[in-house]
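**Q** This is the structure, below, for whatever I ask next.
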Amino acid sequence: MARVAPSSSTKALYFLCILLGAILLYVDISYKSFDTIKNTYISTTISTKFLFKKITIDPFIYLYELSSSKSQLINKNRNLQAALDKSYLENFIVSRGDKFFMDDEAIIALMSKYEIDQIFHASKIKLFDTTKYFCCDTHVMYIDVISSSDTDFTGSAVINSEGILGQVISDNGVKEVLLLTDTSHYIPLETEGYFCNAKGSGRPGIISCTYSSLIWTNPVSNGQKIYSSGLGGIYPRGIPIGYVQGITNIDETNIKIDIKLITNPLKVSMLGIIENQ
Amino acid sequence: MKAPGILKTILLLFLANYLESITAPAFIKIYVAWPVTFLVFSGLVYISSKNINPIYAFCLGIFVDLISNSLFGLNAMLFCLFSYVINSYSNTFKLFSYLQICIFFGASSVFFIGLSNLFLAIENFSYLILFVSFFFNTGLALLIAMSPIHRFSVNRRLSEYD
């Protein structure tokens, strides 16, 4: 049977639906009104996955490991792996202790002030939409601290064993982390005494920064190392962020530099949240 | 051909979205965007013997927006638009060859990718991705049109008229 072409009333309904879609799109872009729904969906998905795995897969894995003579070795290996991942993070902070904090007393003062016994909270990636990471301007990941904590981590920096990844932008149990490469993310940077505010490019591993050659008199060269400036109070000062990868002249005075980040969010699943000071 | 019921459609779109999320990081390295969810929806509208209700298309679009963590209204709007186009030209498509229909789906997917990128990745909008994706999606549609599975469904469809 042949399909009938849409009648006038159906066309009107189509038009209304498209209009409604456009209004929803505008509201979402302008006011981010649906973020709560999206975050609730993501939290539910993560919890469901976790529960489903715990109920269905984990018992079988447990039984298998129990019956296997190697089960103890497997557990030990897992614990060692977790400890190793954690030690990478600790080493990262210790090796740059003077960068994260002015001196040991500052660390002690901070820890006693906030009554904390650790300078970072070990966390694991719960959800990372790699599709959006590779295709789109939005680069976010969802993480959760390993040991339970009531602290609200909103505004805290997130690191892995390579360096800074981004910052926590919302904390509803699961922490939403805005990566450095997200186009809505800005990080103040420093190189050879000059400062600039770098913006995420939306491309994996690249952020960009625009400066005026009238202010930056020393020319920037490819491969030059860029550090965090500590301005803004989110990220510690002097942490290596990346290297200059591309230099583009926008006009006679303004120059745009692309910075290749040192950190790769796809590499390590063990992360650390540095509590907002 | 009868289109699958609402639950089957939702499940199909969910699986398509999952497949898209797995394949997208690999494909983007070769400048290809493969909007599986959109193509599955378009395919369902195309094979359906009845016109798809605009509210049904809108709701499915909202569902896809939710599961793909996309901007609300983007897929809803595009699903409505394309279900309208396919419904309007459903009889005209019968005059088209398979190649022409495959080109139509390839072009539709490019339109979808282009418009999505305008909202989701405006700073990295790439004509190269659109160009390569057009050939990839058209080629893929041709492969499906020539595949034994598709021929089987066509034969079954033709046998209904015997």
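**Q** Out of curiosity, is A:ILE143 part of a strand (DSSP E or B), closer than 16 Å to A:GLY272 by Cα, in contact with a helix residue (DSSP H, G or I) (Cβ under 8 Å, 6 or more places away or on another chain) and hydrophobic (A, V, I, L, M, F, W, C)?
**A** no
**Q** Look through A:LYS124, A:LYS132 and report the one residue that is among the charged types (D, E, K, R) and in contact (Cβ under 8 Å) with a residue 24 or more places away in the chain.
**A** A:LYS124
**Q** Could you tell me whether B:ALA24 is at the interface with chain A (Cβ under 9 Å from one of its Cβ atoms), closer than 23 Å to B:TYR84 by Cβ, out of contact with any Pro (no Cβ under 8 Å at 6 or more places or on another chain) and buried (at least 19 other Cβ atoms within 10 Å of the Cβ)?
**A** no
**Q** Also, I was wondering about something else. Which residues, counting only those in segment A:251-271, are under 12 Å from A:ILE143 (Cβ atoms) and within 11 Å of the chain's Cα centre (by Cα)?
**A** A:PRO265, A:LEU271
**Q** Next question, about the same structure. Could we say that B:LYS8 is within 11 Å of chain A (Cβ to nearest Cβ), basic (Lys, Arg) and not in a loop (DSSP other than H, G, I, E, B) here?
**A** So B:LYS8 does not fit the description; no.
**Q** Count, please, the residues in segment B:47-92 that happen to be in a loop (DSSP other than H, G, I, E, B), within 7 Å of chain A (Cβ to nearest Cβ) and within 18 Å of B:SER109 (Cβ to Cβ).
**A** Going through segment B:47-92 one residue at a time, the tally reaches 0.
**Q** Taking the condition modelled with pLDDT under 75 and in a helix (DSSP H, G or I), does A:GLU65 pass?
**A** yes
**Q** On to the next question. Filter segment A:190-215 for residues that are surrounded by fewer than 18 Cβ atoms within 10 Å (Cβ to Cβ) and not aliphatic (A, V, I, L, M) and give the result.
**A** Those that are surrounded by fewer than 18 Cβ atoms within 10 Å (Cβ to Cβ) and not aliphatic (A, V, I, L, M): A:GLU190, A:GLU192, A:GLY193, A:TYR194, A:PHE195, A:ASN197, A:THR210, A:SER212, A:SER213.
**Q** Conditions first: (1) in contact with a helix residue (DSSP H, G or I) (Cβ under 6 Å, 6 or more places away or on another chain); (2) more than 9 Å from chain B (Cβ to nearest Cβ); (3) basic (Lys, Arg). A:ARG3 passes all but one, so which condition is the exception?
**A** Looking at each condition in turn, A:ARG3 falls short on (2).
**Q** So, B:GLY43, is that one part of a helix (DSSP H, G or I), at the interface with chain A (Cβ under 10 Å from one of its Cβ atoms), under 23 Å from B:CYS102 (Cα atoms) and among the small types (Gly, Ala, Ser) or not?
**A** no
**Q** Does segment A:78-96 contain any residue that is at pLDDT below 75, out of contact with any Phe, Trp or Tyr (no Cβ under 6 Å at 6 or more places or on another chain) and not in a helix (DSSP H, G or I)?
**A** Yes, there is a match, as at least one residue in segment A:78-96 is at pLDDT below 75, out of contact with any Phe, Trp or Tyr (no Cβ under 6 Å at 6 or more places or on another chain) and not in a helix (DSSP H, G or I).
**Q** May I pose another question? If we keep just the residues of segment B:116-129 that are in contact (Cβ under 8 Å) with a residue 40 or more places away in the chain and of a type in the set (A, V, I, L, M, F, W, C), which is surrounded by the most Cβ atoms within 10 Å (Cβ to Cβ)?
**A** The extreme case among them is B:ILE129.
**Q** Here's something else I'd like to know. Residues that are assigned to a helix (DSSP H, G or I), modelled with pLDDT under 95 and polar (S, T, N, Q): does segment B:117-128 have at least one?
**A** yes
**Q** While we're looking at this one, here's another question. If you take the residues of segment A:32-59 that are within 11 Å of another protein chain (Cβ to nearest Cβ) and aromatic (Phe, Trp, Tyr), which of them is surrounded by the fewest Cβ atoms within 10 Å (Cβ to Cβ)?
**A** The selected residue is A:TYR41.
**Q** Still on this structure, I have one more. Can you find a residue in segment A:7-17 that is within 14 Å of another protein chain (Cβ to nearest Cβ), at pLDDT 75 or above and surrounded by fewer than 10 Cβ atoms within 10 Å (Cβ to Cβ)?
**A** yes
**Q** Still on this structure, please answer the following. Given B:LEU74, B:LEU81, B:LEU66, which one is more than 15 Å from the chain's Cα centre (by Cα) and without any contact (Cβ under 8 Å) to a residue 60 or more places away in the chain?
**A** B:LEU66
**Q** Could you say which residue among A:ILE164, A:ILE146 is among the aliphatic types (A, V, I, L, M) and modelled with pLDDT of 85 or more?
**A** A:ILE164
**Q** While we're here: Of the conditions (1) within 14 Å of chain A (Cβ to nearest Cβ); (2) surrounded by 16 or more Cβ atoms within 10 Å (Cβ to Cβ), B:PHE104 clears all except one; give me its number.
**A** (1)
The values are calculated or read from the model by the stated rules, or taken from the named source; none is laboratory data. No experiment lies behind these values; they were computed from the predicted model shown. Using ideal geometry, Cβ is built from the backbone for each residue, glycine included, and neighbour counts are taken over all protein chains shown.
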